[in-house]
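Below: the structure, in structure tokens.
Nothing in this text is a laboratory measurement; each read-out follows from the coordinates by a stated rule. Small disclaimer: the values here were computed from a predicted structure and weren't measured. Virtual Cβ from ideal backbone geometry, glycine too; neighbours counted across all protein chains shown.
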Amino acid sequence: MPRNVIGDPPFPPIVLFDESRDFTVNDLERISRERPDGVSICVRYPEGRENRGGYFFHFALSQERVGEFQVFDFERRPVKIFPAASLVEFINHCTGRRFDERVFVLCQTELNFLKDDEPNA
């Protein structure tokens, strides 16, 4: 059971990506142009009920590194900065669309060690 309840997305409203194909750099660029202040996307396959879940990603153009993307968690805490192509590889790996060895290692050695804040007692 998760320690934190998932709240509202950091960049509402959520953009749905209901496709059976890989997420692409063109998709990332298009969505970023449409939502320049940040976007919360839910990547899912097209099959299933209307209100099904998916894989959530929250990102905005980095204020620190030109042309790169800052990824956030649901509490809008910064997680990692990625170049566009690396963010696309990350999204496709995490959603099970395309295995990527570098992303696998990144998740195993860095991202999986991030912890939620301890719940208030």
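Picking from ARG44, ARG98, ARG35, ARG49, which residue would you name as being basic (Lys, Arg) and surrounded by fewer than 13 Cβ atoms within 10 Å (Cβ to Cβ)?
Values: ARG44 fails: surrounded by fewer than 13 Cβ atoms within 10 Å (Cβ to Cβ); ARG98 fails: surrounded by fewer than 13 Cβ atoms within 10 Å (Cβ to Cβ); ARG35 fails: surrounded by fewer than 13 Cβ atoms within 10 Å (Cβ to Cβ).
Matching residue, one of ARG44, ARG98, ARG35, ARG49: ARG49.
Report yes if some residue within the stretch 55-63 is touching a strand residue (DSSP E or B) at 6+ places or on another chain (Cβ under 9 Å) and farther than 24 Å from ASN112 by Cβ; otherwise report no.
So the first thing to find is which residues in the stretch 55-63 are touching a strand residue (DSSP E or B) at 6+ places or on another chain (Cβ under 9 Å), and the list is 55-63.
Filter once more, so that each one left must be farther than 24 Å from ASN112 by Cβ: 61, 63.
The answer is yes; a qualifying residue exists.
Of all residues in the stretch 57-71, those being within 20 Å of VAL25 (Cβ to Cβ) and out of contact with any Leu (no Cβ under 9 Å at 6 or more places or on another chain) number 6. Taking the stretch 72-115 on its own, how many of its residues are of a type in the set (Lys, Arg) and either touching a residue at least 24 places away in the same chain (Cβ under 8 Å) or under 13 Å from PHE56 (Cα atoms) (or both)? Selection size over the stretch 72-115: 4.
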